[in-house]
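Remarks on the structure that follows.
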């Protein structure tokens with residue numbers, strides 16, 4: 001029994017030594033040297049990002065202070081996520097030179113077949129280019145290489161999952177983006193239970209059909225609703241393929257939001273047929289189908305009694 005215990009301990013020690021040797025070999029450097037701002041470009045100057053992995057590519061482009069995917073699909077991106085990514089790349093810090101041997105590039109997945117190349121542009125002028133490879137064995141570093149260099153470096157951080165993020169995870173999930181202060185009217189339209197919220201000067205009123213009378217409201221409830229609906233976000237998007245199979249039936253609610261200048265948004269909400277509790281929305285003439293939770297629906301599915309003051 002005691003011999004078996006000592007044998008097990010010896011095996012564990014040998015495994016630990018092997019692991020240490022592998023990690024040490026992987027992190028062996030020619031000249032330990034920390035390099036800050038490895039790519040040396042200004043994140044604010046970038047107006048185009050191109051991701052390339054073998055024969056696939058993605059292209060992000062900046063237009064009027066917003067970012068859009070232009071290939072392979074076209075839609076608005078979450079500019080906060082893109083901004084964070086640009087700042088990360090512009091301030092990328094590398095610590096160790098791992099290899100300058102091109103033969104070893106595939107080992108670190110920074111070659112032209114297995115690495116993800118990222119190009120940053122300003123008005124089609126290349127600002128910087130990087131190949132992102134695999135994560136180190138200790139998950140502390142990611143192997144990177146400048147596209148025009150043979151040198152493989154270890155960069156601090158977990159970059160691989162970030163650059164391989166699914167395209168829809170970059171997408172802007174905003175359904176409605178309006179200035180809450182400029183919303184003057186909200187029409188709740190449904191088969192039964194339609195009504196209006198109207199702002200006269202600075203005071204909100206609630207008006208049920210036939211809209212000839214209006215009533216004072218619970219100001220905090222209206223304020224919470226206006227704040228929520230003015231920046232209403234989706235949880236996910238319905239693909240064109242799934243949309244063909246989706247049974248959305250008749251709309252359960254339509255919201256018409258009107259601004260001071262008469263412009264606004266129209267949001268039509270559907271519930272999937274059957275016992276499903278999936279909710280979807282379409283905005284105006286846009287063909288995009290947004291999906292959101294039952295909880296989000298309950299926050300916009302309001303009745304006169306939810307807002308009407310009890311005084």
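Rule-based calculations on the coordinates, nothing more; no lab input. Here the structure is a predicted model, which means the values were calculated and not measured. A quick note on method: Cβ atoms are made from the backbone with ideal geometry, for glycine too, and the neighbour counts reach across all protein chains shown.
With labels modelled as points extended 7 Å from the Cα through the Cβ direction, what inter-label distance (nm, one decimal) is found for residue 299 paired with residue 272?
Label-label distance for residue 299 and residue 272, simple model: 2.1 nm.
Which ordering of 202, 116, 56, 268 is given by a fewest-first count of other beta-carbon atoms within 10 Å?
In increasing order of surrounding Cβ atoms, one gets 202, 56, 268, 116.
In nm, give the distance between the simple-model label positions of residue 168 and residue 101, each being 7 Å from the Cα along the Cα-to-Cβ direction.
About 4.4 nm, to one decimal.
Remind me, relative contact order of the chain in percent, using alpha carbon pairs under 8 angstrom and six or more residues apart?
Details: 571 pairs, mean separation 38.8, N = 311.
For the chain, the relative contact order is 12 percent.
Using only the alpha-carbon atoms, how far is helix 2-26 inclined from the longest principal axis of the chain? Give it as 0 to 90 degrees, nearest 10.
Helix 2-26 and the main axis of the chain meet at about 80 degrees.
Can you sort 143, 211 so the residue with the fewest Cβ neighbours within 10 Å comes first? The partial results should precede the final answer.
Numbers: 143 26, 211 12.
Fewest-to-most ranking of 143, 211: 211, 143.
Expressed as a whole number of Å, what is the distance separating the alpha-carbon centroids of the range 230-305 and the range 136-207?
17
What is the angle, in °, between the Cα long axis of helix 219-229 and the longest principal axis of the Cα atoms in the chain? Nearest 10 is fine, range 0 to 90.
50
Would you mind computing, in nm to one decimal, how far apart the modelled labels at residue 239 and residue 88 are, each placed 7 Å from Cα along Cα→Cβ?
About 2.4 nm, to one decimal.
Give me 286, 201, 119 ranked fewest to most by other Cβ atoms within 10 Å of their Cβ, as a rough exposure proxy. The partial results should precede the final answer.
Working: 286 12, 201 4, 119 18.
Ranking 286, 201, 119 by Cβ neighbours within 10 Å, fewest first, gives 201, 286, 119.
Which shape class applies to the chain: rounded if a/c is under 1.5, otherwise prolate when a/b exceeds b/c and oblate if not, where a ≥ b ≥ c are the square roots of the Cα gyration tensor eigenvalues? Spell out each step's value before the answer.
On the way: a/c = 2.87, a/b = 2.10, b/c = 1.37.
Prolate, because a/c is 1.5 or more and a/b exceeds b/c.
Using 1/(1 + (r/R0)^6) with R0 = 41 angstrom and r between the beta carbons of residue 134 and residue 63, what's the FRET efficiency to the nearest 0.05? Each step should come with its number before you reach the end.
Numbers: r = 34 Å, r/R0 = 0.82.
So, using R0 = 41 Å, E works out to roughly 0.75.
Residue separation times 0.36 nm, minus the C-alpha to C-alpha distance between residue 191 and residue 71: what's the value? Provide the component values of the computation, followed by the final result.
On the way: separation 120, 0.36 × 120 = 43.20 nm, distance 4.10 nm.
So the extension gain works out to 39.1 nm.
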